[in-house]
Amino acid sequence: MLKLLKNFDKKDWLIVFATLLLIVFQVWLDLKLPDYMSEITILVQTKGSSMNEILTQGGYMLLCAAGSLAAAMLVGYLTSFISATFSQKLRKQLFEKVQDFGMEEIKKFSTSSLITRTTNDITNIQMFIAMGLQMLIKAPITAVWAIFKILDKSWQWSAITGAAVIILVLMVIVLMVTVMPKFKLVQKLIDKINGLTRENLTGIRVVRAFNAEEYQQKKFDAKNDELTKMQMFNQKMMALMSPVMYLIMNLLTLSIYFIGAYLIDAANMMDKITIFGNMVVFSSYAMQVIMSFLVLAMIFIMYPRANVSAQRIGEVLDTEASVIDGTYDEDNGIRGEVEFKNVSFKYPDADEYVLKNISFKANKGDTIALIGSTGSGKSTIVNLLMRFYDVTEGEILIDGVNIKDYKEEYLHNKLGYVPQKAVMFSGSVNYNVSYGDNGKEKSKKLIKEAVNVAQAKEFVEKMTNKYESDISQGGTNISGGQKQRLSIARAIAKEPEIYIFDDSFSALDYKTDYVLRKELKKYTKDATNVIVAQRIGTIINADKIIVLDSGKTVGMGTHKELLKNCEVYKEIAYSQLSKEELENA
């Protein structure tokens, strides 16, 4: 928890200091009330006391109460402000950290866990700061101040108050030891429930198509029941605090008055009034002490959960990204050159290599195609080229520079990426297409041109608001082929040096695929194209086709060359097209 306080800046610490002063002022006012109450008690018991004297002391009490209320309101505002701004900074820091993560770190934490840490965990810390900042400061000040005020009143009363405090502290320690480990499990279970909910919503069509609603419900219920039982246990343990606290407070009050009765009975007439006044004051201060420890107990009960959340956030913030940003961002005059030099790669913690000794080169304007069976390593090559992972061995050069040396922003500005699964964001068609250049706004002419080349113009202009029509998150209101074409338009609108198409034509019919590639070839003639595909027809005219099998290069050349000398390519080709179609291509 303390590590996260480094997010406090000078202004925040000034607010904390101002809050501290206000709390001290509030405590002083609260502890003055019993003094005035004692004065009123003595005045009432003393013959010859005037009503004005009693009303004066009562007026002081009202002023103290009003001042305490005003101070409490200011403290509440300041603590709410500082907790909200602290959470804002922490949420931003966490979001930016996750943005810098490679795929290795994302998989390590899981998407659902990262969402929980950014929302639920930060909320836990915000609640703790909002309540803890005022209570954690006020309670010990009140307790210590009140104790000093009552120490000289009676050792009997002090002893019984000390015994009550010890019982209270022991109970809090037992609760913390019991409940602390459970809170860690609660946060992990929340991660799992978030994961199940996300999985169910993402795959809702498959769930319904296979009548798996009941199966999903059972999976969710199992984790939900486990979380409920854990929460019930925690709440039951914490619920013990309230009755025990009130029992201790009432027994303490009873004990003070019981002892006071004996003291008054044993005293002479002159001392009886003084002892009675002291008893009233002591009772009030003793309640202040017990209430302070009660508040501290509540804070200590909140602390375990907040501490677990802080540790989980700290885990993310302390994780070093495996993909380290480079420093190179200069224009060396080379455009669109891609070279793999003896590249091998295996995923973190894996024993087997996914790619082994891959080497090829593409010059500006070339179209390089990657083909092979499922699991042969095609998409892995794209992931390495985009630097979602770093190579295990060898190096990848873009424009003659190792991609590890580039600043990531500069590197990605060179690349136009169309992923295997088309991703649409919540917003208009214009917003989604213009998203490709770090969110910068593009001209309407460029967007329309990109949409036209991607063969999306026909369906976009039939939409209600055309280019301003809304696309729902994930593109659920358009078809798979439409999403793919808008995804391609996004890359085109970016006007990069290198286009990367990761099986980006699979949802298109053959006619649209053919027309799109024909228009794309004209539009991107000065750029390098890297195409991953399953269809022979998509890559048949590529300048160089690389055939992969089990992570190795088993063939490289043009379509006609590979038909002659690569068995794997021939098997793929003849499984899709007839001999005549292939020879006349």
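What follows is calculated from the coordinates using simple rules that are stated; it is not laboratory data. Just so it is clear, the model here is predicted, and its values are computed rather than measured. Here Cβ is always computed from backbone atoms with ideal geometry, including for glycine, and neighbour counts include all displayed protein chains.
Take each of the peptides 308-315, 496-503, 466-473, average the number of other beta-carbon atoms within 10 Å over its residues, and list them starting from the highest.
Descending mean neighbour count gives 496-503, 308-315, 466-473.
Please get the size of the charge dipole for the chain, origin at its Cα centre, with Cβ charges of +1 on Lys and Arg and -1 on Asp and Glu, quoted in debye to the nearest 20.
Dipole size: approximately 880 debye.
Under a Cβ-only charge scheme (Lys and Arg +1, Asp and Glu -1), can you give me the dipole magnitude of the range 338-583 about the Cα centre, in debye to the nearest 20?
700
Relative to a virtual label point 7 Å from the Cα of residue 242 in the Cα→beta-carbon direction, which members of the range 283-302 show backbone nitrogen distances below 15 Å?
Counting backbone N atoms under 15 Å from the label point, the list is 295, 298.
Among 19, 423, 201, whose Cα sits farthest toward the positive end of the charge dipole of the chain (+1 at Cβ of Lys/Arg, -1 at Cβ of Asp/Glu, about the Cα centre)?
The residue sitting farthest along the positive end of the dipole is 201.
Starting with the fewest neighbours, write out 345, 282 ranked by other beta-carbon atoms found within 10 Å of each beta-carbon.
345, 282
Considering the alpha-carbon set of the range 2-318 alone, what are its Rg and its Dmax in angstrom?
Computed over the Cα atoms of the range 2-318, radius of gyration and Dmax are 26.2, 92 Å.
For residue 355, what residues show an amide H to amide H distance below 5 Å, using hydrogens built from the backbone and excluding near sequence neighbours?
Residues meeting the criterion, in which the H sits 1.01 Å from N, are 345.
For the chain, give me the percentage of DSSP beta bridges that are antiparallel, rounded to the nearest 5 percent.
Rounded to the nearest five, the antiparallel share is 50 percent.
Stokes-Einstein diffusion coefficient for the chain at 25 °C in a medium of 0.890 mPa s, Rh from the Kirkwood formula over Cα pairs: what value in µm²/s?
In µm²/s, the coefficient rounds to 81.
What's the exposure ranking of 87, 292, going from fewest to most Cβ atoms within 10 Å?
In increasing order of surrounding Cβ atoms, one gets 87, 292.
Does the range 189-231 come out rounded, prolate or oblate, given a ≥ b ≥ c as the square roots of the eigenvalues of its C-alpha gyration tensor, rounded meaning a/c under 1.5 and, failing that, prolate meaning a/b above b/c?
Oblate is the answer for the range 189-231, as a/c is 1.5 or above yet b/c matches or exceeds a/b.
Where does each of 30, 329 land when they are ranked from fewest to most other beta-carbon atoms within 10 angstrom?
Fewest-to-most Cβ neighbours within 10 Å comes out as 329, 30.
Specify the angular offset, from 0 to 90 degrees and rounded to the nearest 10, of the alpha carbon long axis of helix 10-45 from the longest principal axis of the alpha carbons in the chain.
20
List the relative contact order of the range 2-318 as a percent without decimals, with contacts defined as Cα pairs under 8 Å and 6+ residues apart.
Relative CO of the range 2-318 lands at 32 percent.
Could you work out how far helix 241-266 tilts from the main Cα principal axis of the chain, as a 0 to 90 degree angle to the nearest 10?
For 241-266 against the chain, the angle is about 10 degrees.
Based on the Cβ-Cβ distance from residue 119 to residue 420, what FRET efficiency comes out when R0 is 35 Å, to the nearest 0.05?
The value I calculate is 0.75.
For the chain, what relative contact order do you get, as a whole percent, if you take Cα pairs closer than 8 Å and at least 6 residues apart?
14
Report Rg(Cα)/(2.2 N^0.38 Å) for the range 53-176, keeping two decimals.
Against the empirical 2.2 N^0.38 Å value, I get 1.66 for the range 53-176.
Say each of residue 541 and residue 212 gets a label point 7 Å from the Cα, pointing the same way as Cα to Cβ; how far apart are those two points in nm?
Rounded to a tenth, the inter-label distance reads 4.1 nm.
Quote to one decimal, in nm, the extra length available between residue 12 and residue 444 on full extension: 0.36 nm per residue of separation minus the C-alpha distance between them.
151.0 nm
Which residue, 247, 491, 282, has the largest displacement toward the positive end of the dipole of the chain when charges sit on each Cβ (Lys, Arg +1; Asp, Glu -1)?
Ranked along the dipole, the leading option is 247.
For helix 155-202, what angle does its Cα long axis make with the longest principal axis of the chain, in degrees from 0 to 90 and rounded to 10?
Roughly 20 degrees between the two axes.
Hey, if you put +1 on the Cβ of every Lys and Arg and -1 on every Asp and Glu Cβ in the range 2-318, which of 176, 82, 311 ends up farthest toward the positive end of that dipole?
311
Whole Å is fine, so just give me how far the alpha carbon centre of the range 62-77 lies from that of the range 400-435.
When both Cα centres are located, 55 Å separates them.
What share of all Cα pairs of the range 338-583, in percent, falls into each consecutive 5 Å distance bin?
Using 5 Å bins, I get a P(r) of 1, 6, 14, 18, 18, 16, 13, 8, 5, 1, 0 for the range 338-583.
What are the residues whose amide H is under 5 Å from the amide H of residue 394, where those residues sit 5 or more places off or on another chain and H is modelled from the backbone?
Those qualifying (amide H under 5 Å, at least 5 residues apart or on another chain) are 344.
For a quick protection proxy, order the peptides 190-198, 374-382 by their average other-Cβ count within 10 Å, most packed first.
Packing proxy ranking, top to bottom: 374-382, 190-198.
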